[in-house]
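S.K.: Please read through the structure below; I'll follow up with questions.
The values are calculated or read from the model by the stated rules, or taken from the named source; none is laboratory data. No experiment lies behind these values; they were computed from the predicted model shown. Glycine gets a Cβ as well: all are built from the backbone with ideal geometry, and neighbour counts include every protein chain shown.
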Amino acid sequence: MTNNKLKICIVTAILPPAYGGAEVAAFKYAVRLNSNPDSQVIVIGWDRTGAYGKSDLKYDFVHSVSFRENPKDAKGVLIYFQQMYHMWNCFIALLPLMWKFRNEYDYVHNFNSGFAFNRVSIFIAKILGKKVITETSLVGDDDPLSLGRFPTWKDYFKPKYLRYLFYKMADRYVSKSEVITEIFRMSEIPMNKVVQIPYSVDTEIFKPMEFNEKRNLRNKLGVWEDGEIILFVGGINIRKGVHLLVDAFMSVEKDFHSLKLLIVGPTYKYDQKYINDIKEKIASAKMGDKIILTEKNVTNVNDYMQCSDIFVLPSKQEGFPISIIEAMSCGLTVVGSDIPEISKAQINNGIDGYVFRTGDSNELALVLKK
């Protein structure tokens with residue numbers, strides 16, 4: 001019977017608890033496969049920060065690797081040697097495990113094509129005779145047009161061209177929305193290899209709450225019991241536009257004093273100057289009692305969604321942000337930037353949410369007032 005099982009190897013460059021949206025989806029997928037008697041799964045992941053090894057999160061199907069990563073890019077031509085060395089480290093880290101467990105999987109599934117770690121795994125998988133599925137998680141980063149952009153002839157001699165060759169070895173490509181599918185249509189990837197599969201939400205977990213339940217949950221989470229809560233969930237970084245939300249909130253709060261802002265997400269792996277600037281802005285405006293930053297990864301995103309009233313995602317770059325549809329499923333009013341990944345794939349402006357001009361905190365404030 002074992003030979004009839006669906007046997008999957010998920011490769012991820014980020015292990016919990018330090019992960020983003022694509023990695024959350026990967027682990028939900030892995031746990032679901034692991035609980036299914038008709039399938040078996042292994043996860044080979046890069047414990048980049050060492051957080052997985054130090055945490056209490058242990059899965060018998062997870063096999064972690066670690067190797068040194070230079071946190072700073074080299075300058076000039078040295079950066080290309082650095083990139084080649086990094087790819088070599090990825091190869092040396094992945095090959096032993098992918099070879100060791102080669103009889104325990106038939107397919108390799110990448111949930112993020114942006115990392116060299118993931119694309120090297122495609123190359124190894126093809127050497128081992130495995131089928132490969134890879135997904136686009138961030139438009140402008142790991143979509144085929146971004147990966148395959150080589151403006152000058154010199155680019156074909158750089159490590160990024162080799163990584164792109166690895167990417168093109170995949171057997172199937174998963175698009176998360178029509179916006180991403182259109183990008184594939186404009187690329188050289190054959191459309192018979194592309195499948196559109198949007199993220200989904202467990203509506204038994206992400207669902208609206210009655211007022212009294214919401215108030216009890218707020219008390220449990222240690223946030224404000226009264227007032228309306230605006231929520232952000234994600235990494236605290238400039239791509240996510242958290243500073244725009246803070247500015248807009250401060251503007252709106254002057255007229256709506258019952259408003260609160262809850263910023264849920266990690267800060268340790270992002271630009272500390274950016275984060276400190278946000279903290280200083282909050283402190284100088286004496287908004288410490290109106291704005292909370294959790295500054296950590298949370299596993300109970302649904303609780304924060306269910307206790308809130310408005311969800312805002314002011315990103316300038318996304319793939320198919322699952323947080324938007326999670327918030328919708330919880331009955332929140334949803335506001336997002338007008339990037340195509342949100343405005344064309346998720347929110348019909350004025351119908352099931354609102355969009356504002358990307359990067360414009362004044363327009364975001366107007367939407368929040370509405």
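S.K.: Could you please let me know if Ser137 is assigned to a loop (DSSP other than H, G, I, E, B), under 26 Å from Met186 (Cβ atoms) and without any contact (Cβ under 8 Å) to a residue 60 or more places away in the chain? Let's see the steps before the verdict.
M.R.: On the way: assigned to a loop (DSSP other than H, G, I, E, B): yes; under 26 Å from Met186 (Cβ atoms): yes; without any contact (Cβ under 8 Å) to a residue 60 or more places away in the chain: no.
No.
S.K.: Restricting attention to segment 139-182, and to residues there that are within 14 Å of Arg119 (Cβ to Cβ) and under 17 Å from the mean Cα position of the chain (by Cα), which single residue is surrounded by the most Cβ atoms within 10 Å (Cβ to Cβ)?
M.R.: Asp143
S.K.: How many residues does segment 68-103 hold that are in contact with a Cys (Cβ under 8 Å, 6 or more places away or on another chain) and closer than 28 Å to Lys158 by Cα? Working first, answer last.
M.R.: Taking segment 68-103 as the starting set, the residues that turn out to be in contact with a Cys (Cβ under 8 Å, 6 or more places away or on another chain) are 98, 101.
When the remaining residues are screened for being closer than 28 Å to Lys158 by Cα, the result is 98.
Total meeting the criteria: 1.
S.K.: If you don't mind, another one. Taking only segment 312-370 into account, find how many residues are closer than 18 Å to Ile263 by Cβ and polar (S, T, N, Q).
M.R.: 5
S.K.: Would you mind finding the one in Met191, Met250 that is surrounded by fewer than 18 Cβ atoms within 10 Å (Cβ to Cβ), more than 22 Å from the chain's Cα centre (by Cα) and hydrophobic (A, V, I, L, M, F, W, C)?
M.R.: Details: Met250 fails: surrounded by fewer than 18 Cβ atoms within 10 Å (Cβ to Cβ).
After ruling out the rest, the residue left standing is Met191.
S.K.: Do any strands (runs of 3 or more DSSP E) lying entirely in segment 151-251 carry at least 2 residues that are in contact (Cβ under 8 Å) with a residue 60 or more places away in the chain, and which ones are they? Spell out how you get there, then give the answer.
M.R.: Working: elements: 172-175, 194-196, 228-233.
Per the criteria, 228-233.
S.K.: Could you list, ordered by first residue, the pairs with Cβ atoms under 9 Å in which the first is in segment 20-34 and surrounded by fewer than 16 Cβ atoms within 10 Å (Cβ to Cβ) and the second is among the polar types (S, T, N, Q) and not in a helix (DSSP H, G or I), at least 6 apart or interchain?
M.R.: Arg32/Ser39
S.K.: Of these, Gly319, Gly350, Gly336, which one is of a type in the set (Gly, Ala, Ser) and at pLDDT 95 or above?
M.R.: Working: Gly319 fails: at pLDDT 95 or above; Gly350 fails: at pLDDT 95 or above.
Of the residues listed, the single one that is of a type in the set (Gly, Ala, Ser) and at pLDDT 95 or above is Gly336.
S.K.: Kindly indicate the residue of segment 219-235 that is more than 21 Å from Val246 (Cβ to Cβ) and among the charged types (D, E, K, R) and also surrounded by the fewest Cβ atoms within 10 Å (Cβ to Cβ) among those meeting that condition.
M.R.: First pass over segment 219-235, keeping only residues more than 21 Å from Val246 (Cβ to Cβ): 219-220, 225-226.
The next check asks that each one be among the charged types (D, E, K, R); those that pass are 220, 225-226.
On the way: Lys220: 11, Glu225: 11, Asp226: 9.
Once the filter is applied, the top-ranked residue is Asp226.
S.K.: What single numbered condition from (1) within 25 Å of the chain's Cα centre (by Cα); (2) surrounded by fewer than 19 Cβ atoms within 10 Å (Cβ to Cβ); (3) modelled with pLDDT of 90 or more fails to hold for Asn103?
M.R.: All conditions are met except number (1).
S.K.: Quick one: count up the residues across segment 260-289 that are farther than 17 Å from Asn237 by Cα and at pLDDT below 95. Can you show your working first?
M.R.: Within segment 260-289, the first condition is being farther than 17 Å from Asn237 by Cα, and the residues that meet it are 260, 283-289.
Among the residues that remain, those that are also at pLDDT below 95 are: 283-289.
Number satisfying all stated conditions: 7.
S.K.: Then there is this: Residues being at pLDDT below 95 and touching an Asp or Glu at 6+ places or on another chain (Cβ under 8 Å): count how many of those fall in segment 353-370.
M.R.: Number satisfying all stated conditions: 1.
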